[in-house]
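Here the structure is laid out as structure tokens; the discussion comes afterwards.
The values are calculated or read from the model by the stated rules, or taken from the named source; none is laboratory data. These numbers come from a predicted model, not from an experiment. Neighbour counts are summed over all protein chains in view; Cβ atoms, including those assigned to glycine, are modelled from backbone coordinates with ideal geometry. The accessibility values were calculated without ligands, DNA or RNA, using every heavy atom of the protein model including side chains. Shrake-Rupley method; radii C 1.70, N 1.55, O 1.52, S 1.80 Å.
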Amino acid sequence: MATAEASGNDGKGQEVDTSATYYRLEEVAKRNSLKELWLVIHGRVYDVTRFLNEHPGGEEVLLEQAGVDASESFEDVGHSSDAREMLKQYYIGDIHPLLGILDFTHRRCCSLRFPVPLLHIGKQILLRRPC
Ligand code: HEM
């Protein structure tokens, strides 16, 4: 998990909270059971463990989407605006915009047995701690 924190002022006297907690897809993928269930909807990570018993659509559908990007399934159902509002309660962070793309590309390359060393170098640069 990587955390980026910054807060600022937009110059109009209004506080802008830009703090965010970032997760990688592989971290989300580990939370795929009844004990701990996370999923991703539109790049945002949700911990729906305590929502399992309460979901009007049943817990099975959430279990099917456990640890993965559930954006398409969520939209296919045509969830109401109330359901979208409920998402906030379970929001825990975002998929890292850059590492998310690298994870996806890495999986594609490896599954095609076409390693791209540059990808790993780029990843190392991104993960490098600042001096
Ligand atoms: C945190 C995420 C989710 C929340 C807060 C949520 C919330 C809700 C709510 C409030 C309803 C009642 C109908 C409505 O108001 O739209 C519902 C129904 C349903 N949801 Fe979800 N849902 C979530 C994720 C998902 C996912 C990932 C799926 C995957 C397929 C799913 C499948 C369904 C189904 C099948 C129904 C029943 C629809 C019906 O009976 O017409 N939900 N959900």
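Hydrodynamic analysis of region 21-95 uses the Kirkwood radius over alpha carbon pairs. Inserted into Stokes-Einstein at 10 °C and 1.306 mPa s, it gives a translational diffusion coefficient of 131 µm²/s.
For the peptides 30-38, 78-86, 65-73, the ranking by packing is 65-73, 30-38, 78-86, with the highest mean count of neighbouring Cβ atoms within 10 Å listed first.
For region 62-101, the percent of C-alpha pairs falling in each 10 Å distance bin, counted from 0 to the bin holding the largest distance, reads 22, 54, 23, 1. Between Asp82 and Asn32, the modelled label-to-label distance comes to 3.3 nm, taking each label 7 Å out from Cα in the direction of the beta carbon.
As a fraction of the 1.4 Å probe accessible area of region 21-95, surface on carbon and sulfur atoms comes out at 48 percent.
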